[in-house]
Amino acid sequence: SVDKAQTDAYTYTPRLVMYNTSLKFFDKIIAYTSVVKNSFLKEHDPKKVEPCLGLSWAMQIPTELNATSQTKIFKVVYLAHTVLLKGLQDLLQAWSTLNNPGAQLHIAGAIDNTVEGIIQARFQGLQNVFYYGYITNTNNFLSQATVLVCPSILDAGPATVLEAAALAIPSILT
């Protein structure tokens, strides 16, 4: 049995200690959502927190948005570097209860070994579920979606939601 605290990027103690220690060396903390901004304002000098609400990187917006809206296939996408707290196992559990041949679940991004083990043990063979692994063109992947699902148990502001919003793809968040 693998100790979750040693494999989960959000609870791995040495990582959290290094992260929290390193914050004192930063001149500015750029907060790209109000949730991130408010979180840092609670713990850090307000002069260090710089709001930059919205996308903080260059994106190429396609001229044709949401191409799948014209088809009869309902494409649900999940895009993340998956660890336990991203909630993919919960999404797959919910997906296993559906009986909709017109719906597809497309999963992209690296998946932690612990989560991969859960998928293999409990969800192998689910109908209409497609795994892509690491992808290099997130805009292309997201632009094929009907909806983005972000089932994170803990996430201060998932970048994929901002990327989907920039492409006019609706998102379902927990």
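The values are calculated or read from the model by the stated rules, or taken from the named source; none is laboratory data. Keep in mind the model is a prediction, meaning the values are calculated, not measured. These accessible areas exclude ligands, DNA and RNA; they are computed on the full protein's heavy atoms, side chains included. Shrake-Rupley method; radii C 1.70, N 1.55, O 1.52, S 1.80 Å.
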Cut-off under 5 Å, modelled amide H: who pairs with Ala103 long-range = Phe74
Can you give the convex hull volume of the alpha carbon atoms of the stretch 114-159 per residue, in Å³?
-> 124
Given 4 °C and 1.567 mPa s, how large is the Stokes-Einstein diffusion coefficient of the stretch 63-174 in µm²/s, with Rh as the Kirkwood radius over Cα pairs?
-> 91
Taking amide H positions as placed in the peptide plane 1.01 Å from N, state which residues far from Thr82 in sequence (5 or more) or on other chains have amide H under 5 Å from it.
-> Ala110, Ile111, Asp112
Over the stretch 121-173, with every protein chain in place, what whole percent of the accessible area is carbon and sulfur at 1.4 Å, could you tell me?
-> 57
Give me the lysines in straight-line cross-link reach of Lys37: C-alpha distance below 30 Å, same-chain residues under 8 apart excluded.
-> Lys4, Lys24, Lys28, Lys47, Lys48, Lys86
